[in-house]
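In what follows, a single structure is set out as structure tokens and then discussed.
The values are calculated or read from the model by the stated rules, or taken from the named source; none is laboratory data. Please read these numbers as outputs of a predicted model, since none were measured by experiment. Cβ sites come from the backbone with ideal geometry, for glycine too, and all protein chains shown count toward neighbours.
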Amino acid sequence: MSDTQQPVLLLTGASRGIGHATVKRFGSAGWRVLTISRQAFDPRCPWPGGERNHIQLDLANVDVVREALPEIKRISGGRLDALINNAAVSPKHSDGSKITSLQMAYLDWLHIFNVNFFSAVLLAQGLSDLLIESKGSIVNMTSIVGSRVHPFASAAYATSKAALAALTREMANDLGRHGVRVNAVSPGEIDTAILSPGTEEIVQREIPMRRLGKPSEVADLLFFLCSNQALYLSGSEVHIDGGQRV
């Protein structure tokens, strides 16, 4: 496949968990995957062309994100077929307990929203011309905590995910006329490093399938939404939670 034919994905938050599984899934299907993280490329987590296609960028700094857009376009070679906004931060107290809406300081709220929400807005705005040209796809990573109170997720994290779900609908409306599809994926309890102690109790009490989800299962769903098999699917939030929401 030539460089001009190879589809291109831009993925934020690729260094672990769902993001890492997503890189592998798209890469195995022949996509070129550009990754964004505030950390430098980690050679312990290699994939073909990984270091060359990695962009070190602090999504908490909206000015830096805005200034980086021309460089992202240059690195992409002027082509973008999919944007997956996966990066997120979910702080907790030092003992691992939930930070409530009354405890989170304003600057911490702002930091969380910059990473979890406003970076998605800026990337979509700045790269929309490439996505329109390719009639591509945007997928925003929301969460089950965006629609229900969770015992471990902070109030700010939950609120940012609810906002991202609403943004998905608005973007689907704004970009649909240009042939760009916008959807969201809402994971439940997925087996990643961010799980809190006590999650197993949630699995047994709330999840009909009685198990954690796998990052690869989420990655398969993301790939489907960005593929030609989902050409008439837009404005949806797809829940992948083993039935937890029921």
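Yes/no per residue for (1) at pLDDT below 95; (2) within 22 Å of S94 (Cα to Cα); (3) surrounded by fewer than 21 Cβ atoms within 10 Å (Cβ to Cβ); (4) among the aliphatic types (A, V, I, L, M):
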site: G146; (1), (2), (3), (4): yes, no, no, no
site: V149; (1), (2), (3), (4): yes, yes, yes, yes
site: A156; (1), (2), (3), (4): yes, yes, no, yes
site: A162; (1), (2), (3), (4): no, no, yes, yes
site: A166; (1), (2), (3), (4): no, no, yes, yes
site: N173; (1), (2), (3), (4): no, no, yes, no
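So for segment 124-137 (the condition being assigned to a loop (DSSP other than H, G, I, E, B) and either touching a residue at least 24 places away in the same chain (Cβ under 8 Å) or among the aliphatic types (A, V, I, L, M) (or both)), does at least one residue qualify?
The initial filter retains those residues of segment 124-137 that are assigned to a loop (DSSP other than H, G, I, E, B), namely 135-136.
Retained after the next criterion (residues that are either touching a residue at least 24 places away in the same chain (Cβ under 8 Å) or among the aliphatic types (A, V, I, L, M) (or both)): 135-136.
Yes: segment 124-137 contains one or more residues that are assigned to a loop (DSSP other than H, G, I, E, B) and either touching a residue at least 24 places away in the same chain (Cβ under 8 Å) or among the aliphatic types (A, V, I, L, M) (or both).
Mind checking whether some residue in segment 98-114 is at pLDDT below 95, under 20 Å from S37 (Cβ atoms) and touching a Pro at 6+ places or on another chain (Cβ under 8 Å)?
no
Using the structure shown, decide if D95 is acidic (D, E) and in a helix (DSSP H, G or I).
So D95 does not fit the description; no.
Can you name the residue in segment 19-46 that is at pLDDT 90 or above and aromatic (F, W, Y) and is also farthest from P215 (Cα to Cα) among such residues?
W31
If I go through segment 232-246 residue by residue, how many of them are assigned to a loop (DSSP other than H, G, I, E, B), under 15 Å from V218 (Cβ atoms) and either acidic (D, E) or under 16 Å from the mean Cα position of the chain (by Cα) (or both)?
So the count comes out to 1.
So which residues in segment 199-216 are crowded, with 16+ Cβ neighbours inside 10 Å and charged (D, E, K, R), if there are any at all?
Correct list: E206 only.
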